[in-house]
Amino acid sequence: MKALVFKGSRNIVYDSFPDPTLEAASDILIAVKACSICGSDLHIYHGDRIGPHDYSKAMPAFCVGHETIGEVLEVGAAVKQHRVGDRVMVSPGVGCGHCPPCLRGQIAHCHQPRMAGAFGTHLGLNGGQADYFRVPHADLIARTIPDGVSNDQALLLTDALSTAYFGVKGAQLAPGEIAVVIGLGPVGLLAVECCYALGAERVYGIDPVAHRRDLAQALGAISLSPDEAMPIIKQQTQGLGADCVIEAVGLEATISQAFKLVRVGGRVSVLGIAQQGAVLPMAYVQMKNISLFTGVASVVNTWSELIPLLQQGRIKAGNMFSHRYSLADGAQAYAKFDARGDDTLKMMMIP
Ligand SMILES: [Zn+2]
Ligand SMILES: [Zn+2]
């Protein structure tokens, strides 16, 4: 088959790769219909670290990608939920289904390390930016795409939309509240939609890029640049601040801005992947009685709530894919995504 193969820093190429086959009775094999590039894929592309994995080191070539939908081609003997020909979406985290974190629903923290991360690590699981893709523990981590959910929406359910929803739920947003979303990339824009779907009275969106502010405005947010956010939000909340703030950047500056924009006793939810060594203003957080939520989403847990919201049109998740490429042009898609142009949101690739 052909796939996007990691061969070293800034060297992800469209190349031949051995066809995947069923390796366990709980596996399925899918023909990929669409896949997308995640911000975290850029860490691999740059040869950075993700947790314990150092992508600057020499390692065997592997297929990248953890945001994938496809059609079931083969089904292992123990698989109960999937049939050949089904349209499926796949979770990026691979849980065993049996260890204590999995039994608590925290698939992202599965005890079997080769299964705990995303696809596309060098731990023996090849990723889904490929013609074909082996999905382990398929009953647990793959789901038939239901009627009323488009391929674009299903692809967002594999990570970005699930992560946004996880963050808004983590902020304990209640109907009638005022929310702020810092960072209007795909996850931040989807968080704006999730806030309104869950009953927010008003949502402020903050980003330095005018085009992204326009997109948030079109979703009903009051869009502000980072500089104007503080005085305007303070003034429009009688000096109190927002009930909750969802941070979708991960920089020390934006995380500390979240604590400043939230009211006393409010909630801050940090979705942005924090840099190593990032410092929290703990004394400030404590004196304002702020509750802090953070973590990585176990995306399968969000599907039962998000699917009806999509089917009923209460979340549309439209216009998130700013660019569509054939998988054969995947190297260009990575380069374009990495250039972070103002018009770049998410890149879809189709084999
Ligand atoms: Zn992702
Ligand atoms: Zn497990």
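Taking the 0 to 90 degree range and rounding to the nearest ten, how far is the long axis of helix 186-197 tilted relative to the main principal axis of the chain, both from C-alpha atoms?
Rounded to the nearest ten degrees, it is 60.
Could you list the square roots of 5 times each eigenvalue of the Cα gyration tensor of the stretch 222-311, that is, the equivalent ellipsoid semi-axes, sorted largest first and rounded to whole Å?
Working: eigenvalues 118, 65, 36 Å².
Square roots of five times the eigenvalues give 24, 18, 13 Å.
If you rank ILE307, ILE145, ILE350 by fewest surrounding Cβ atoms within 10 Å, what's the result?
Numbers: ILE307 19, ILE145 22, ILE350 13.
Arranged by neighbour count, lowest to highest, ILE307, ILE145, ILE350 become ILE350, ILE307, ILE145.
Where the only charges are on Cβ atoms (+1 Lys, Arg; -1 Asp, Glu), what is the dipole of the stretch 1-131 about its Cα centre, to the nearest 20 debye?
Details: 11 positive and 12 negative charges, 52 e Å.
Charge dipole of the stretch 1-131: 240 debye, to the nearest 20.
Tell me the Kirkwood radius of the chain: reciprocal of the mean inverse pair distance over distinct alpha-carbon atoms, in Å. Working shown, then result.
On the way: mean 1/r = 0.0485 Å⁻¹.
Averaging 1/r across every pair of different Cα atoms and inverting gives 20.6 Å.
Where the eigenvalues come from the Cα gyration tensor of the stretch 73-197, what are the semi-axes √(5λ) of the equivalent ellipsoid, largest first, in whole Å? Intermediate results must be reported in sequence, preceding the final value.
Values: eigenvalues 160, 64, 41 Å².
Those come to 28, 18, 14 Å.
Measure nothing fancy, just the Cα-based angle from helix 300-311's long axis to the longest principal axis of the chain, in degrees from 0 to 90, nearest 10.
70
What ranking do 270-277, 173-180 get when scored by the average of other Cβ atoms within 10 Å per residue, highest first?
Values: 270-277: 16.4, 173-180: 20.1.
Answer by packing, highest mean first, reads 173-180, 270-277.
Run the dipole for the chain about the Cα centre, Lys and Arg Cβ at +1, Asp and Glu Cβ at -1, nothing else charged, and hand back the magnitude in debye, nearest 20. Please list the in-between numbers first.
Working: 28 positive and 31 negative charges, 98 e Å.
Its charge dipole is roughly 480 debye.
Sort TYR132, TYR196 so that the residue with the fewest other Cβ atoms within 10 Å of its own Cβ comes first and the one with the most comes last. Walk me through the intermediate numbers first.
Numbers: TYR132 22, TYR196 19.
Placing the least packed residue first, the sequence is TYR196, TYR132.
Need one number: % antiparallel among DSSP beta bridges in the chain, to the nearest 5. Mind showing how you got there, number by number?
Details: 31 of 57 bridges.
In the chain, DSSP labels about 55 percent of beta bridges as antiparallel.
For ALA253 and ALA210, what does the FRET efficiency come to when R0 = 25 Å and r is the distance between their Cβ atoms, rounded to the nearest 0.05? Before the final figure, lay out each step's value.
On the way: r = 19 Å, r/R0 = 0.78.
In this case the efficiency is close to 0.80.
According to the Kirkwood expression over distinct Cα-Cα pairs, how big is the hydrodynamic radius of the stretch 161-294, in Å? Walk me through the numbers on the way to the answer.
Details: mean 1/r = 0.0708 Å⁻¹.
Radius from the Kirkwood sum: 14.1 Å.
So which lysines can LYS169 reach, going by Cα to Cα under 20 Å and dropping same-chain residues fewer than 8 places off?
Once the sequence-local lysines are set aside, what remains near LYS169 is LYS316.
Computed from the coordinates by the stated procedures, all read-outs in this text should not be read as laboratory data. Computed from a predicted structure; not experimentally measured. Because the Cβ atoms are built from the backbone with ideal geometry, glycine has one as well, and the counts that use them run over all protein chains shown.
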